[in-house]
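See structure below.
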Amino acid sequence: MGRSPCCDKTKVKRGPWSPEEDTILRNHIQNHGTGGNWIALPHKAGLKRCGKSCRLRWLNYLRPDIKLGGFTQEEDNIISSLYANIGSRWSVIASHLQGRTDNDVKNHWNTKLKKKLPSHTSTAININNNASNSAMQFSSSVFLPKQEVDQHQVTNNSNFDSLLENAHFLTSEQ
């Protein structure tokens, strides 16, 4: 039992996308839209790809509003800080980085940022409780164990947004 396949796997191309396929998909979507049916789109566009593959290619790489390329130090600090507070909620983290997808943020974390953390720690957080400015300050060089950060975990998006507005992201040790 289970779900029936979306396409005949023997008749679809697998593996890396060619620049020609990217152009065909991009042009088709810009001219005709998705039509709300990703399963039928590859056939209409003349691609020998699965609908899911086309959808993921468009959403993660070809959309015009996607920011491709290296992450800035500020983006790295934001990802590290948010990961420390909310964990691996990639779509929430990506929503605070203009033009970045959840997939891109997750891949960047797993390939670059996670390796920079010491193995026994999970976050970088300092609390600054001045009377004039009670903002959380994050540092990529000061780490606390996860259980010490759990008390600071954000529970709703309005608090989360105010936390980000008041956050000062630092790159040097205190």
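Tabulated data
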read-out	value
Any hit, segment 75-87, residues being closer than 30 Å to LYS116 by Cβ, at pLDDT below 95 and in a loop (DSSP other than H, G, I, E, B)	yes
Candidate set from segment 43-61 (those that are surrounded by 18 or more Cβ atoms within 10 Å (Cβ to Cβ) and in contact (Cβ under 8 Å) with a residue 24 or more places away in the chain); member that is farthest from the chain's Cα centre (by Cα)	LEU47
Filtered residues of segment 28-42 (kept if buried (at least 16 other Cβ atoms within 10 Å of the Cβ) and in a helix (DSSP H, G or I))	HIS28, ILE29, LEU41, PRO42
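The values are calculated or read from the model by the stated rules, or taken from the named source; none is laboratory data. For clarity, every value in this text was computed on a predicted model and none was experimentally measured. Glycine also receives a Cβ, built like all others from the backbone with ideal geometry; neighbour counts cover every protein chain displayed.
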